[in-house]
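See below for the structure under consideration.
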Amino acid sequence: MADSIDNAQMADQIHREALLSRRKRPLPNRDMATGSSPARCTGCGDAIPPERRQAVPGTALCADCATDHERRARQQRGI
Ligand SMILES: [Zn+2]
């Protein structure tokens, strides 16, 4: 009886560790390689550096346009 409980606990622990290690893993490599964001800025059409696309996944704006966009959004909110 004790054995089956130990086995159940062990299986539970293995399952939990598998879930944790999956969550700890960074973004899949394919997302890093291709990026979920476009290669070019939708604002000015300039190429978005891969470093920026990695740092800000999903961004469609280059750093300049993003700064400009944020400034305008802040002005609209009256801050
Ligand atoms: Zn731009």
*Identify the residue in the range 1-39 that is open to solvent by less than 70 Å² (accessible area, probe 1.4 Å) and assigned to a loop (DSSP other than H, G, I, E, B) and, among all such residues, is modelled with the highest pLDDT.*
ALA39
_Complete set of residues in the range 42-64 that are more than 16 Å from the chain's Cα centre (by Cα) and assigned to a helix (DSSP H, G or I)_ = ALA63, ASP64
*asked:* Taking the condition of being open to solvent by 50 Å² or more (accessible area, probe 1.4 Å) and within 8 Å of the ligand (Cβ to nearest atom), how many residues in the range 40-62 meet it?
replied: 4
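The values are calculated or read from the model by the stated rules, or taken from the named source; none is laboratory data. Keep in mind that this is a model prediction, so the values were computed, not measured. Cβ atoms come from the backbone with ideal geometry, glycine included; neighbour counts cover every protein chain shown. SASA here: full protein model, heavy atoms, side chains in, ligands and nucleic acids out. Shrake-Rupley method; radii C 1.70, N 1.55, O 1.52, S 1.80 Å.
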